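Taking it in order: structure first as C-alpha cells, then the write-up.
The values are calculated or read from the model by the stated rules, or taken from the named source; none is laboratory data. Computed from a predicted structure; not experimentally measured. Cβ atoms come from the backbone with ideal geometry, glycine included; neighbour counts cover every protein chain shown. Just the protein is used for accessible areas: all its heavy atoms, side chains included, with ligands, DNA and RNA removed. Shrake-Rupley method; radii C 1.70, N 1.55, O 1.52, S 1.80 Å.
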Amino acid sequence: MSRAGLTRIFRQADFDRFAALSGDANPIHVDAAFAARTRFGRTVAHGVLLETVLRGLAGRLAPGCTVAEKALRFTAPTYAEEAMHFEVWQQAADTLGLSVTRALDGTLTCEGRMVLAPRRPSPGSAPAAPGPASWDRSAALTRCFSARDVAEYAALGGHAAAPDTVPEPLIGALFSRLLGMDLPGLGTNYLKQETRHHAPARLGEPLTARVAVTRLRPEKHLVDLATLCHGADGRLLAEGRALVYVRDVAGFEI
C-alpha cells in the first residue's frame, strides 16, 4: 500500500499566516485570551490548514490529480508547539485515507478521505448553482484568489496547484471563513466537513461562497450547515455540508 507522511510542528505564526490568507480570524485560532476561555484552553489550528498539509501529501502519491470529493472529521484539537504526524495512504484506486496524529501520544486529531479525479472537468460540464432564494438563514462572501495567495498556500502546505487554478482547500477556506466569522460566528469549532468539487476555480475570478443552517441541535450545541461555492459565470464549483460546535459562540441563537 502506497503511503506518504511527514511530521510537523505548527507555530502560532503559522495559525496567524493562515488566518491572513483565508480571512478566517476566528479567535479560537489567533486570540490566546479568547481561546483560554473555551474548552480548548489555547489556540488551535484551522481545520483547513490541516487539510492543506494533507493535500500536499496527496499530491506526492498522485501527482497531477485533483480532488473530486473529500470528507474530514476533527476528533481532537491540534495545538501549536506540538509535533503532529500527517499521513496519506491509498485505500482504493481513486481514494486516499487521511490522518493527523499527535506524535507524543498518538492522539488522532483529524481523519478522513479524498476521492481523486484524474483530470479536471471542462468549465462547461459543471451544473448550475441553485439560487440564493432558498437559503433562509445564511451568509455569503465573494473573493478572488491571486497567484500570491496560492504561493502563500503552497508555502504553508507544500502543495503546488495546477497552473492558473485555485487549490481545492482554498475553496474550503472560504467556507471556514464564513463559519468562523459570520455564521455561526466567532468561536465556532469545525467538527466535520464534506465537500464535492465539481469544477476548477480560476485564479482571479470572483468566487461566491455561501453557508446556510440546515439543522439545529441545541441539546448538544451543534449546528449543521450546507455549503456551496460558484464561479463568476454561475457554474457550480463545490457543494457539501459542515457540522460545527457552537457553545463558545456568543450571540448565536440555537
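A few remarks follow.
- Restricting region 76-105 to residues that are of a type in the set (D, E, K, R) and free of Cβ contacts under 8 Å to residues at least 60 places away in the same chain, the residue that is nearest to Leu50 (Cα to Cα): Arg102
- Cβ-Cβ distances below 8 Å connect the following pairs, each with a first residue in region 31-44 that is without any contact (Cβ under 8 Å) to a residue 60 or more places away in the chain, a second residue that is open to solvent by 40 Å² or more (accessible area, probe 1.4 Å) and among the charged types (D, E, K, R), and a separation of six or more residues or different chains: Ala32/Arg42; Ala35/Arg42; Ala36/Arg42; Thr43/Asp31.
- All positions within region 59-77 that are more than 22 Å from Thr38 (Cα to Cα), among the hydrophobic types (A, V, I, L, M, F, W, C) and part of a loop (DSSP other than H, G, I, E, B): Ala62, Cys65
- Subset of region 203-216 (residues that are touching a residue at least 24 places away in the same chain (Cβ under 8 Å) and closer than 19 Å to Arg137 by Cβ): Thr208, Ala209, Arg210, Val211, Ala212, Val213, Thr214, Leu216
- Among helices (runs of 4 or more DSSP H) entirely within region 6-49, having at least 2 residues that are open to solvent by 30 Å² or more (accessible area, probe 1.4 Å) singles out 12-22, 32-36.
- Those strands (runs of 3 or more DSSP E) lying entirely in region 152-254 with at least 2 residues of a type outside the set (S, T, N, Q) and open to solvent by less than 10 Å² (accessible area, probe 1.4 Å): 207-217, 222-230, 236-245
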